[in-house]
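Only one structure is covered here, and it is reproduced in the block below.
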Amino acid sequence: MPQSFDDFGKYGREFTDTGLKSFASLSTGAQTIAVEAGEYMKKSLEAGAVVVEKLLSAQSFENALDIQADYARQSYQGFVAEATKLGELYAELASDIYKPFESTVAKAS
């Protein structure tokens, strides 16, 4: 069934609008992820500075080992939590980027 040029123009405008909505979601999501990563980095650097101060004031080698082990455990737990959070943000971003195209894909099917 032949379609008119007006129909093709309409579909083109819809696709462009959908693409712009998707790009807006990408921009917002990328900004959210960048802010989250920046905050994590800041916290990590601050925690590292605190550990260095504690290590410099350690009373014994064993005390320094305890400080280092505690820091390693906390760092690992913080990293796992942050990686999980970033993974969720990326999944949400992918969903938000695709969402505007859902109706277009449904119409095409």
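The values are calculated or read from the model by the stated rules, or taken from the named source; none is laboratory data. These figures come from a predicted structure and were not determined experimentally. Here the Cβ is made from the backbone with ideal geometry for all residues, glycine too, and neighbour counts use every protein chain on show.
Quick check on the range 54-67. Is at least one of its residues aliphatic (A, V, I, L, M), under 19 Å from residue 91 (Cα atoms) and at pLDDT below 95? Checked against the condition, which is being aliphatic (A, V, I, L, M), under 19 Å from residue 91 (Cα atoms) and at pLDDT below 95, the range 54-67 yields no hits at all.
The condition (being surrounded by 12 or more Cβ atoms within 10 Å (Cβ to Cβ) and in contact with a helix residue (DSSP H, G or I) (Cβ under 7 Å, 6 or more places away or on another chain)) is satisfied by just one residue among 66, 96: 96.
For residue 47, are the conditions met, namely being surrounded by 13 or more Cβ atoms within 10 Å (Cβ to Cβ) and either aromatic (Phe, Trp, Tyr) or modelled with pLDDT of 85 or more (or both)? The answer is yes for residue 47. Pairs linking a residue in the range 37-52 that is farther than 14 Å from residue 77 by Cα and in contact (Cβ under 8 Å) with a residue 40 or more places away in the chain to a residue that is surrounded by 12 or more Cβ atoms within 10 Å (Cβ to Cβ) and aliphatic (A, V, I, L, M), with Cβ atoms under 9 Å and 6 or more positions apart or on different chains, are 37/86.
Contact map, the range 63-75: first residue in contact (Cβ under 8 Å) with a residue 12 or more places away in the chain, second residue assigned to a helix (DSSP H, G or I) and of a type in the set (D, E, K, R), Cβ cut-off under 7 Å, separation 6 or more or different chains; pairs are 67/54.
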